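> Handing you this structure, nothing more for now.
The values are calculated or read from the model by the stated rules, or taken from the named source; none is laboratory data. Note that the structure is a prediction, hence the values are computed from the model and not measured. Cβ sites come from the backbone with ideal geometry, for glycine too, and all protein chains shown count toward neighbours.
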Amino acid sequence: MKYIDDVKFHNPTNFTDRYKKLRDSTFVKETEKPYLATKQPVTEKLVKTIWFDQQIERRGLRTTDGKRIAIITPGEWNFDEGPDFINAKINLNGQDLTGDVEIDIYSSNWKTHKHNKNKNFNNVVLHVFLWSKGKEAKTITQDKKIIPSLELIDYINDDLEIIDSNFDVENYPYSSKVRAGKCAKHTLKKYSLLEYIVGLAGDEKIKLKSDIFANRLAKESINEIIYQGIMDGLGYGPNRENFKKLAEILPLERISEIIKLEKFEEKSVRIQSLFFGVAGLIPEIEKIEMLDDEAKNYIAKIKKIWKTLRQQIKPAETIKKETWKFRGLRPYNFPYRRLAAASLIISRYIDDTGFEKLLQNFTDKVLAGKFKLKNFVDNFPPKDKAGPPLAEKTAATDSSNFWFYRTTFVSKKFSKPVALLGEERILLILINTFLPAAIAKINKPEDNASIKIIYQWWLKQPAISTNRTARITSWRCGFGNIKGVSERVQQGLIQIFRDFCDTKKGTCTDCGFQSIFTMPTGTFF
């Protein structure tokens, strides 16, 4: 396809706020948006995610008119026109209600979006919004029913900035049948501008994370920040929240203290026992059929260690087994293997300033032009130990290597070890944790030259595999095939999806992304 486009755009030489300024200029400015003044704009998608994940204090919930409300289920994400969630279940003052839930940023959006005149919203049982705006008015449907309302801002568990930075865009609900967006008709003629914007968006994604890391450095150690970033990266798909919860329950210092209680096994096995115990994933041997002797010995060992370690863990600090998801995952990505990977990584770097040294090594190699991804992958985490066949190793070594040869407790043993983490996952941890952490640690005026070198390294990083969300966004905005693109481009497409796109039909009409392509060319120079 030939594009009508003769304007040439060049990559900047450093991380900039150009994308942020362009993005913010597309949003309608409202004087009553306290978060917009200094922070990244709050989008309805973020509020929907907070609701869908129930990232709120569920105890003591009250509607705007003071009624007690309990959320039984937030509902199913609606990919069609109409309310944002369907088939939700709530309890209002002791009465169970089933129906739809509409999510808005402001209470006034119910009327400004004309839901009160749309019969598709007659089945709504709860109107949820982030902030109240304007006069306190009842939420009324087209068929004149009064709907209870819930203002979320006082019940949210964390700062919006933190929640936004952890927005699980990789698994953000989307339809595989989305059509090209309205922006595509503009990008056809201004493709080089689209490439430029996508690249800037990729820079913004890294810059946003590095700014958050920089703020955290004021009160947390770099070791803890790297550790939590790694755990977040290991939490593949629907198990991400559980991995983040594990990192919160078991910060590095606490892990170090707890595993001292059990000194008769190597460190990685002790940490593995601790993780599996807190995760609720140690099975009862007698309740499982078809266990071979090796699996029985492994379970017995970690169960014995956990019996000692659990004295330091409160019952409320354990995770329920049923919250872990296996359906839809490749067996190689099952939580068991990811927890085993975490235990090996942590056992190697938990002492003193291990993760800080690893970060410094990454930074030094990049600045010297000597960083090799293969070397980083080969040591993160350590591979199966060299030596005699598994059956001939010591009991301790058996335990530390058990998951190199299995996907479940009852699965058939592999003939050869399979890496606990693939190159793709390690690269994502590198990009999402080590790169922004390196920038946050050295981002001072006197170190600008170092940041520029890191930026040039960032520009050259290829995308090892294609992200599904990036593919969807690419097709929607007219970017085209992303096979062989840089990781910067891929991350940029994800950021654009996060800022502008939605899976719900009709959202393109009000999307501000297309307005970027109607701005005067001089805006971008």
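> Of (1) at pLDDT 80 or above; (2) crowded, with 18+ Cβ neighbours inside 10 Å, Gln40 satisfies all except one. Which?
(1)
> Can you tell me how many residues within the range 268-297 are over 24 Å from Tyr349 (Cα atoms), at pLDDT below 95 and either of a type outside the set (A, V, I, L, M) or assigned to a helix (DSSP H, G or I) (or both)?
Qualifying residue count for the region: 12.
> If you don't mind, another one. Provide a single number: the residues in the range 204-242 that are assigned to a helix (DSSP H, G or I) and aromatic (Phe, Trp, Tyr).
Final tally of qualifying residues: 2.
> Please find, within the range 456-482, the residue that is modelled with the highest pLDDT out of those that are aliphatic (A, V, I, L, M) and surrounded by fewer than 20 Cβ atoms within 10 Å (Cβ to Cβ).
Restricting to residues being aliphatic (A, V, I, L, M) and surrounded by fewer than 20 Cβ atoms within 10 Å (Cβ to Cβ), the top hit is Leu459.
> In contact (Cβ under 8 Å) with a residue 40 or more places away in the chain and over 28 Å from Asp17 (Cα atoms), is that true of Gly280?
yes
> Restricting to the range 400-431, name every residue that is of a type in the set (Lys, Arg) and within 14 Å of Lys296 (Cα to Cα).
Residues satisfying the conditions are Arg406, Lys412, Lys413.
> Please identify the pairs in which a residue from the range 1-24 that is surrounded by fewer than 14 Cβ atoms within 10 Å (Cβ to Cβ) has its Cβ atom under 6 Å from the Cβ atom of a residue that is assigned to a loop (DSSP other than H, G, I, E, B) and at pLDDT 70 or above, counting only partners at least 6 apart or on another chain.
Going by the 6 Å Cβ cut-off, the qualifying pairs are Ile4/Lys189.
> Looking at Ile103, Ile72, Ile90, Ile56, which one is within 24 Å of Asp24 (Cα to Cα) and either touching a strand residue (DSSP E or B) at 6+ places or on another chain (Cβ under 6 Å) or at pLDDT 85 or above (or both)? Steps first, answer last, please.
Numbers: Ile72 fails: within 24 Å of Asp24 (Cα to Cα); Ile90 fails: within 24 Å of Asp24 (Cα to Cα); Ile56 fails: within 24 Å of Asp24 (Cα to Cα).
Only one candidate qualifies: Ile103.
> Next question, about the same structure. Answer yes or no as to whether Leu252 is surrounded by fewer than 22 Cβ atoms within 10 Å (Cβ to Cβ), outside the structural domain of Glu317 (by TED's automatic domain parsing) and not charged (D, E, K, R). Let's see the steps before the verdict.
Working: surrounded by fewer than 22 Cβ atoms within 10 Å (Cβ to Cβ): yes; outside the structural domain of Glu317 (by TED's automatic domain parsing): no; not charged (D, E, K, R): yes.
No; evaluated as a whole, the condition is false for this residue.
> Since Ile431 meets every condition but one in (1) under 30 Å from Glu44 (Cα atoms); (2) surrounded by fewer than 21 Cβ atoms within 10 Å (Cβ to Cβ), which condition does it not meet?
For Ile431, the exception is condition (2).
> Somewhere in the range 292-310, is a residue more than 21 Å from Glu265 (Cα to Cα), out of contact with any helix residue (DSSP H, G or I) (no Cβ under 8 Å at 6 or more places or on another chain) and in the same structural domain as Ile258 (by TED's automatic domain parsing)?
Of all residues in the range 292-310, those more than 21 Å from Glu265 (Cα to Cα) come to 292.
Subset that is out of contact with any helix residue (DSSP H, G or I) (no Cβ under 8 Å at 6 or more places or on another chain): 292.
Remaining after also requiring in the same structural domain as Ile258 (by TED's automatic domain parsing): 292.
Within the range 292-310, one or more residues are more than 21 Å from Glu265 (Cα to Cα), out of contact with any helix residue (DSSP H, G or I) (no Cβ under 8 Å at 6 or more places or on another chain) and in the same structural domain as Ile258 (by TED's automatic domain parsing).
Residue-wise test of (1) more than 22 Å from the chain's Cα centre (by Cα); (2) farther than 24 Å from Asn401 by Cβ.
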| position | (1), (2) |
| --- | --- |
| Asp292 | yes, no |
| Lys314 | yes, yes |
| Ile319 | no, yes |
| Trp324 | no, no |
| Pro331 | no, no |
| Ala340 | no, no |
| Leu358 | yes, no |
| Val366 | yes, yes |
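> Can you tell me which residue within the range 127-149, out of those that are touching a residue at least 60 places away in the same chain (Cβ under 8 Å) and among the aliphatic types (A, V, I, L, M), is nearest to Tyr106 (Cα to Cα)?
Checked the range 127-149; the qualifying residue nearest to Tyr106 (Cα to Cα) is Leu130.
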